Amino acid sequence: MKRRIALIGFGTVGQGFCEILLQKEQLLNEKYGFEAEIVAISDTLKGSISCKKGLDIQQCIDLVNNGQKLDEYKCEHGNCECGRDWDSLATIQNSNADIICELAYTDVKTGQPAITHCKTAFKNGKHIVTSNKGPAALQYSELKKLAEKNKVKFMIEGTVMSGSPVINLAEGPLAGCTISAIKGILNGTTNYMLTEMEKGMGYAEVLKKAQELGYAEADPTGDVEGFDAMAKVIILANVLMDVPLGAGAVHREGITKITSEMIESAKNENTRWKLISTIEKTENGIAASVKPEKLALTDPLANIMGATNALTFSTDLLGDVTIVGAGAGKLETGFSILTDILAIHRQIKN
Ligand SMILES: NC(=O)c1ccc[n+]([C@@H]2O[C@H](COP(=O)([O-])OP(=O)(O)OC[C@H]3O[C@@H](n4cnc5c(N)ncnc54)[C@H](OP(=O)(O)O)[C@@H]3O)[C@@H](O)[C@H]2O)c1
């Protein structure tokens, strides 16, 4: 069965998702009866293209890899009236896609333009699949209700730990357990920096290296001051604990005050500094924080090194369950988009 998909944003994640579709086309069809047809792509930088009969994905990837615009796409279907001037909203409203992948810019202060993209999709009876943290961190319950009212899905696996199945794990295999606490390493950049500092480099030098490797942005504030991890804490509280947290309710501290001396002295005590995100049920509701913590080396989270992420769910029936995996990356986050689309596909099929 063909699922018609439109992409809003064709950067790292959008292209990663498309590469997976090409690579796994046969397996997805044979194993799950799934066929994907990308019918529109809209990107502010790379241009836009739509074809109701389906786009040649490889040609779209080749165009952007060659520094060309999607507007230069050559359609091989006859009389299909390809569109080349739709912006994101026109693409959501006018394309024949059933599923919109919102893969544009994250703004965790306003959530825009992604929140408008989501609302427009729902009002037009289209599912949203997204790795963009903005909508889920700022308006999860409102958007979920709007999606339900319009009988479509709001799928957000990629917003926390990319394709590592965190939200699906809690909502699927762990359903029936009560989760009393969630604790994890949710920012790969800072975990990479702390790992490198333990090898002897100073903070400034490590930050420069993280920027050169593309882990940290030119303005690293979002990572090193804990804002990125905080957005993920808010999403997990909203989605898995049904507690609508605002940013003001999360105690946030980054890693900027961690010195080489602190790292060295932790080493001598058989401990290790990690930027830990925690959401805990308490007698007074929920306590949520992002802050550096010195963990004993026996703690599973103490041994998560480099850019890897990890999350421990404390449950009543299974005790602690820890998932370790990628927190970012082209194919890793592209995979989260596939996971959510396959879940929609299975539901429609059944
Ligand atoms: N990359 C990862 O590993 C990862 C992991 C988890 C979550 N995410 C999230 O997933 C989303 C996509 O990430 P990415 O790495 O693919 O980002 P990216 O490489 O920067 O690509 C995003 C693309 O969307 C375009 N865009 C921005 N606003 C748009 C709009 N209103 N309409 C259409 N296109 C628009 C951007 O164009 P301009 O350059 O002109 O703005 C850019 O080409 C982001 O929200 C990101 O935070 C990424």
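Values in this text are rule-based calculations from the coordinates and carry no lab data. Note that the coordinates shown come from a computational prediction; the quantities given were computed from them, not determined experimentally. Every residue, glycine as well, gets a Cβ built from its backbone with ideal geometry; the counts of neighbours run over all protein chains shown.
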Difference of contour (0.36 nm per residue) and Cα-Cα distance, MET1 to CYS177: 59.9 nm
Projected onto the charge dipole of the chain (unit charges on the beta-carbon of Lys, Arg, Asp and Glu, signs +1, +1, -1, -1), the Cα from ILE235, ALA326, LEU89 with the largest positive-side position is that of LEU89
Counting other C-beta atoms within 10 Å, which of THR333, THR44 has the fewest, and how do the rest follow? THR44, THR333
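Set the Förster distance to 25 Å, then compute FRET efficiency between LEU45 and ASN124 from the Cβ-Cβ distance, nearest 0.05. Let's see the in-between values first.
Working: r = 25 Å, r/R0 = 0.98.
Efficiency, rounded to the nearest 0.05: 0.55.
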For HIS77 and LEU89, extending 7 Å from Cα along the Cα-Cβ vector and measuring point to point gives, in nm, a value of 2.6 nm
Using a Gaussian network model on the chain with a 10 Å cutoff between Cα atoms, which of ILE41, ILE337, ILE279 fluctuates the most? ILE279
Placing unit charges on C-beta atoms (Lys and Arg positive, Asp and Glu negative, everything else neutral), compute the dipole magnitude of the chain about its Cα centre in debye, rounded to 20. 840 debye
Mind giving me the FRET efficiency for GLN23 and GLN68? R0 is 30 Å, r the Cβ-Cβ distance, nearest 0.05 is fine. 0.85
Projected area averaged over orientations for region 169-325, convex hull of C-alpha atoms, nm²: 9.5 nm²
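Kindly provide the helix-only [θ] at 222 nm of the chain, computed as the sum of -39,500 (n - 2.57) over DSSP H runs of four or more divided by all residues, to the nearest 500 deg cm²/dmol?
Details: 13 runs with 136 residues, N = 350.
Roughly -11500 deg cm²/dmol at 222 nm, from the helical runs in the chain.
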Quick check: convex hull over the Cα atoms of the chain, volume per residue in Å³, rounded to an integer? 145 Å³
Want the number for MET262 to LEU213: 0.36 nm per residue separation, take away the alpha-carbon distance, what's left? 15.2 nm
Considering the dipole of the chain built from charges on the beta carbon (Lys and Arg +1, Asp and Glu -1) around the Cα centre, which of LEU7, THR189, ASN124 is farthest to its positive end? ASN124
